[in-house]
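Q: Quick one: the structure is below, and I'll ask about it shortly.
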């Protein structure tokens, strides 16, 4: 695949495209012919040669600036200006280009209108000496001038070499010269350069420019990249912060930080510090097109399977997921080193991913009890009934010696308390059954639920223990109805 757009071409003589308007010249020439014809006929009938003189109308950049008696008056100014510039720019071919146009006319001495001094003053102030130079044109418009074509070509090459190595650039240019040759398939995990070009139409042409405006190789590169040769600096004043400075210069903070290496968001600013606030606008953009192959992970997908026999909120993994692998080939475009386009042109699955399957319960857990309580342990017996003992009321029953130590909810409800109790219960759970009843579970070794959790009848809430004021492993169980203590034996089934 070859990318052939925006190739480097040599533009025709740029100076020729900037010649003065042919309409003006044609009009001036016609005026001259008419005047001379008239002078050769009518004037000769009434005047002698001593009555007629030739004057020169001077046009500077298409504007009439005055009349001189002799072209040598202007020629002398041109020589002086060129000689002055030669002392500084001795290696350049200097001239005034096509800034001046002379139109001769024969007139009576009395009507000559000669104003040599005015013309001389005008040209001394405004006439610019120009040098033959090579123009770098972007989309047909000259934006920079260098000394010769070799430097111009070096400028464009070095702009490309900022993004490719010399070897890469040579390979690409050789390939572009043979567009009919097809590229072999790209190998696994490899990248190759397809093309490098400018996004604009960049050409080289001839032109004339003031010699002081001719740029060096380095200056021309910087100018094309940034649109300026000088960085604008801002001096920090009292009360300035980075965000206000960036806002005042119409840029975001990230852009300001990128212009000033070493500057960070939390950097301390001192009054008098100089900060670069140059907002650059490049004249040219270097585009690199790449083809890249890479092996990528294919993330597994997750499937949810609902199960009405499991409580809502419960889930189990039926099948673990496993990532797959694929080989992908991309076409990537970068502009000045930044990725602007990434397109998949080919992909092949190497290992298929394995789907993760989760079983999710949908059965709604009732939070309201039905008023009948199941035995909260796996068997066991009442080791101490409700009633007075040792001079005080034993508020519930103690259940001991179950077949296992699991404690379960006596009815559907919501956990309203779960944790340590300083009143002698040790680890304690209170369940509100949402129907006026509450049950209390004391002396637990550990707690398996949390406050706010909805628990169905018969589900595990903790492990039997002997925490708090206890003489052995057992469960202390209490029942309340509308805040009144009840004997659990009357409600357990």
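Each row is one residue, and each column tells you yes or no for (1) at pLDDT 90 or above; (2) closer than 21 Å to residue 52 by Cβ; (3) in a loop (DSSP other than H, G, I, E, B).
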| site | (1), (2), (3) |
| --- | --- |
| 81 | yes, no, no |
| 90 | no, no, yes |
| 98 | no, no, yes |
| 103 | yes, yes, no |
| 107 | no, yes, no |
| 110 | no, yes, no |
| 114 | no, yes, yes |
| 117 | yes, no, no |
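Q: May I ask you to list the residues in region 249-278 that are closer than 17 Å to residue 237 by Cα and within 20 Å of the chain's Cα centre (by Cα)?
A: 249, 256, 263, 277, listed by residue number.
Residue-by-condition table, conditions (1) out of contact with any helix residue (DSSP H, G or I) (no Cβ under 7 Å at 6 or more places or on another chain); (2) surrounded by 17 or more Cβ atoms within 10 Å (Cβ to Cβ); (3) outside any loop (DSSP other than H, G, I, E, B):
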{"position": "417", "(1), (2), (3)": "yes, no, yes"}
{"position": "420", "(1), (2), (3)": "yes, no, yes"}
{"position": "429", "(1), (2), (3)": "yes, yes, yes"}
{"position": "434", "(1), (2), (3)": "yes, no, no"}
{"position": "438", "(1), (2), (3)": "yes, yes, yes"}
{"position": "443", "(1), (2), (3)": "yes, yes, yes"}
{"position": "462", "(1), (2), (3)": "yes, yes, yes"}
{"position": "476", "(1), (2), (3)": "yes, yes, yes"}
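Q: Is there a residue in region 293-313 that is closer than 29 Å to residue 157 by Cα, touching a strand residue (DSSP E or B) at 6+ places or on another chain (Cβ under 7 Å) and surrounded by fewer than 14 Cβ atoms within 10 Å (Cβ to Cβ)? Walk me through it before giving the result.
A: The first filter runs over region 293-313 and keeps only residues closer than 29 Å to residue 157 by Cα, leaving 293.
With touching a strand residue (DSSP E or B) at 6+ places or on another chain (Cβ under 7 Å) added as a condition, the list becomes 293.
With the extra rule that they be surrounded by fewer than 14 Cβ atoms within 10 Å (Cβ to Cβ), the set shrinks to none.
Among the residues of region 293-313, not one is closer than 29 Å to residue 157 by Cα, touching a strand residue (DSSP E or B) at 6+ places or on another chain (Cβ under 7 Å) and surrounded by fewer than 14 Cβ atoms within 10 Å (Cβ to Cβ), which makes the answer no.
Q: Only one of these is over 20 Å from the mean Cα position of the chain (by Cα), at pLDDT 95 or above, in the same structural domain as residue 299 (by TED's automatic domain parsing) and within 30 Å of residue 162 (Cα to Cα): 354, 349, 328. Name it.
A: On the way: 354 fails: within 30 Å of residue 162 (Cα to Cα); 349 fails: within 30 Å of residue 162 (Cα to Cα).
Criteria check complete, one pass: 328.
One line per residue, one yes/no per condition, for (1) loosely packed, with under 12 Cβ neighbours inside 10 Å; (2) under 26 Å from residue 133 (Cα atoms); (3) in the same structural domain as residue 350 (by TED's automatic domain parsing):
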position: 196; (1), (2), (3): no, no, no
position: 205; (1), (2), (3): no, yes, no
position: 214; (1), (2), (3): no, yes, no
position: 225; (1), (2), (3): no, yes, no
position: 238; (1), (2), (3): yes, no, no
position: 246; (1), (2), (3): no, no, no
position: 249; (1), (2), (3): no, no, no
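Q: Do we find that residue 403 is more than 13 Å from residue 374 (Cβ to Cβ) and either touching a helix residue (DSSP H, G or I) at 6+ places or on another chain (Cβ under 6 Å) or free of Cβ contacts under 8 Å to residues at least 24 places away in the same chain (or both) in this structure?
A: Spelling it out, it is not the case that residue 403 is more than 13 Å from residue 374 (Cβ to Cβ) and either touching a helix residue (DSSP H, G or I) at 6+ places or on another chain (Cβ under 6 Å) or free of Cβ contacts under 8 Å to residues at least 24 places away in the same chain (or both).
The values are calculated or read from the model by the stated rules, or taken from the named source; none is laboratory data. Note that this is a predicted model, so its numbers are computed, not measured. Every residue, glycine as well, gets a Cβ built from its backbone with ideal geometry; the counts of neighbours run over all protein chains shown.
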